[in-house]
Each structure stands twice: as C-alpha cells, then as structure tokens.
Amino acid sequence: MSGTIGDAGAGLRIALGEIEGPPELVARYRRPQPRLELGQRLAPIVTAMMDVSDGLLIDAARMAQASGLAASIDLGDIPLSAALLSAAGGGRQARIDASIAGDDYELLFAAPAERTEAIREISAALGLPLTPVGRLGRGEGIVLTHEGTPLPLPPRLGYRARRRTGLSGLAQWCPTG
C-alpha cells in the first residue's frame with residue numbers, strides 16, 4: 001500500500017473536537033491527495049488495485065472477495081505517520097482505529113513477488129513509501145493478526161454506505177436505470 005493510513009480518520013476526529021492532534025492530520029482529512037500518478041505507474045504490473053476510501057480492513061476484504069481469495073493483514077505492518085503516532089500512539093487499538101478509518105485515498109494493491117523490484121523502483125522514483133501490509137491466499141474472508149497473534153475482527157471493518165431506496169434523498173436525484 002502507498003503512504004500511511006489513519007491520518008484522515010484522526011483528522012476528522014480532531015475537526016469534530018473528539019481528540020487533539022496536529023493540524024496536518026486535519027489537512028489530510030480536508031484535502032486528500034489521490035495517488036493518480038502512482039496508480040498509473042502501478043497499473044501495468046499489479047494484479048489488483050483500489051484506493052483506501054472506506055478503511056483498510058473493509059477495502060482489503062473487498063479486494064480479497066473480488067479476487068476469490070482470503071486476505072491476511074498484520075496490524076504491525078500498517079504504516080502510520082509520525083503525526084498520527086504523536087496523536088494516538090502506535091499501540092494495538094490505535095492501529096485498529098487507523099485500519100478502519102476512511103478517506104485516506106492511499107492505494108492498496110496486490111502483485112506477485114517477482115514484481116517487487118519494479119515496485120521499489122516506482123516508490124523511489126516518486127519518493128513515496130510503498131509498504132507490504134498483508135497477503136492474499138487461498139480461502140475467503142480476512143484474518144487480522146498483531147505480531148503474529150490472531151485477533152478478532154473489530155465489529156466494524158470500515159465505512160459502509162447505506163443504500164437508499166424509494167423516492168427520498170439522493171436516490172430520487174440519481175436514477176440508476
């Protein structure tokens with residue numbers, strides 16, 4: 001995955017007055033920077049890619065399901081920014097919170113091991129850290145671990161939009177047919 005995760009979620013909580021933290025986290029929430037150039041460079045060499053808009057865990061689960069595979073993620077591998085570490089620390093709960101927060105718009109991607117060097121070259125060329133955060137393998141669902149120990153999944157893996165029906169709200173203005 002690209003960059004760091006959890007900054008926008010913490011930025012929202014700071015903006016709402018729920019926690020205190022550095023202004024750069026609020027900026028990550030209010031002014032996301034989608035990784036367009038990175039996505040264009042990765043597209044020819046990865047087997048799956050998506051932005052992390054609803055939270056790392058839910059988006060990884062979606063990628064795994066679409067691929068017919070299982071995802072395994074270790075909380076210790078999730079990259080956190082220095083700003084987030086200063087505001088929330090790097091403990092297990094802070095990492096869970098970061099992994100279910102949305103709006104980071106970093107890229108989550110999968111690639112075969114033989115493409116690791118090409119991915120490192122892209123990372124260096126763009127000056128953007130790319131970090132392995134998990135694996136896809138046989139099975140289904142998502143497995144979460146911390147320092148190798150399996151953890152129960154949080155009750156909420158990330159943001160899920162509610163689908164509106166009927167003639168109220170957005171559905172009335174955005175026909176699907």
Förster-model FRET efficiency, 45 Å R0, GLU117 and ALA27, C-beta, rounded to 0.05: 0.85
Residue with peak Gaussian network fluctuation, the chain [Cα springs, cutoff 10 Å], from LEU75, LEU130, LEU151: LEU151
Range in the chain, longest, excluding exposed trypsin sites (Lys or Arg not before Pro) [loop by DSSP; at most 13 other beta-carbon atoms within 10 Å]: 1-137
Among LEU153, LEU38, LEU126, residue whose mean-square fluctuation peaks in a GNM of the chain (springs only between Cα atoms under 10 Å): LEU126
Added length on full extension, which subtracts the Cα-Cα distance from 0.36 nm per residue, ALA82 to ALA125: 13.3 nm
Value of Rg/Rh across the range 7-156 [Cα atoms, Kirkwood radius]: 0.96
Calculated [θ] (222 nm, deg cm²/dmol) that DSSP helices of n ≥ 4 give over the chain, each run adding -39,500 (n - 2.57): -10500 deg cm²/dmol
FRET efficiency estimate (nearest 0.05) - Cβ-Cβ, THR145 to GLU37, R0 35 angstrom: 0.60
Rounded to 5, percent antiparallel among DSSP beta bridges of the chain: 70
Calculated from backbone phi, Karplus (6.51, -1.76, 1.60) coupling profile of the range 66-74 in Hz, x at Gly/Pro: 5, 8, x, 10, 9, 10, 10, 10, 9
Highest-MSF residue in the chain out of ALA83, ALA15, ALA118 [GNM, Cα springs under 10 Å]: ALA118
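Values in this text are rule-based calculations from the coordinates and carry no lab data. Predicted model only: the values in this text are computed from it and were never measured. Cβ coordinates were reconstructed from backbone atoms using ideal geometry, including for glycine residues, and neighbour counts include every protein chain displayed.
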